[in-house]
Amino acid sequence: MVAVHLWSGLRALADGQEVVEVEGETVGQLLDALVAAYPGLEPAIKRGVSVSVDGQIIANNRHVKVAPDAEVFLLQRLYAG
């Protein structure tokens with residue numbers, strides 16, 4: 001299981017939890033598992049989110065591997081400007 005930290009705007013959609021645990025070996029699998037466990041998260045995830053894995057922002061790459069002990073944060077979409 002991987003612990004995923006949610007930004008404050010998503011917590012209400014995940015039963016008020018700040019951190020949820022889901023199964024997955026890649027960013028994409030984690031996102032899919034989050035939607036399966038908390039369907040209310042689906043609209044936000046479909047609109048686009050940024051994922052931080054061990055301090056590295058992952059954008060548009062669902063295939064990045066995630067270790068079970070990784071520090072993972074789901075963030076509002078970050079845009080490079």
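Rounding to the nearest 20 debye, state how big the charge dipole of the chain is about its Cα centre with +1 on each Lys and Arg Cβ and -1 on each Asp and Glu Cβ.
Here the size comes out at about 440 debye.
For a quick check: with amide H placed at 1.01 Å from N, whose amide H comes under 5 Å from Gly24's, ignoring anything fewer than 5 positions away on the same chain?
Val2
How large is ³J(HN,Hα), in whole Hz, for each residue of segment 31-44 in order, when computed from phi with the Karplus curve 6.51 cos²θ - 1.76 cosθ + 1.60 and θ = phi - 60°, using x for Gly and Pro?
After applying 6.51 cos²θ - 1.76 cosθ + 1.60, I find 4, 5, 5, 4, 5, 5, 7, 9, x, x, 6, 4, x, 5 Hz.
For the chain, give the percent of accessible area contributed by carbon and sulfur heavy atoms, probe 1.4 Å, rounded to a whole number.
50 percent
As a test of the formula, what do you get for the chain when each DSSP H run with n ≥ 4 contributes -39,500 (n - 2.57) and the sum is divided by the residue count, at 222 nm and rounded to the nearest 500 deg cm²/dmol?
Values: 3 runs with 21 residues, N = 81.
Value at 222 nm, helices only, nearest 500: -6500 deg cm²/dmol.
Give me the one-decimal nm value for the distance between modelled label points at Val64 and Ala37, 7 Å along each residue's Cα-to-Cβ direction.
1.9 nm
With every protein chain left in place, what is the accessible area per residue of the chain in square angstrom, probe 1.4 Å?
Working: 4920 Å² over 81 residues.
Value returned for the chain: 61 Å² of accessible area per residue.
Hey, what's the per residue convex hull volume over the C-alpha atoms of the chain, in cubic angstrom?
Details: hull volume 6.7 nm³, N = 81.
Expressed per residue, the convex hull around the Cα atoms of the chain is 83 Å³.
DSSP loop chymotrypsin sites (Phe, Trp or Tyr not before Pro) in the chain with at most 16 other Cβ atoms within 10 Å of their Cβ, which ones?
On the way: sites: Trp7, Phe73, Tyr79; in loops: Trp7, Tyr79.
Listed in order of number, the matching sites are Trp7, Tyr79.
The values are calculated or read from the model by the stated rules, or taken from the named source; none is laboratory data. Just so it is clear, the model here is predicted, and its values are computed rather than measured. We place every Cβ from the backbone using ideal geometry, glycine too, and count neighbours over all the protein chains shown. Surface accessibility is based on the protein's heavy atoms, side chains included, excluding ligands, DNA and RNA. Shrake-Rupley method; radii C 1.70, N 1.55, O 1.52, S 1.80 Å.
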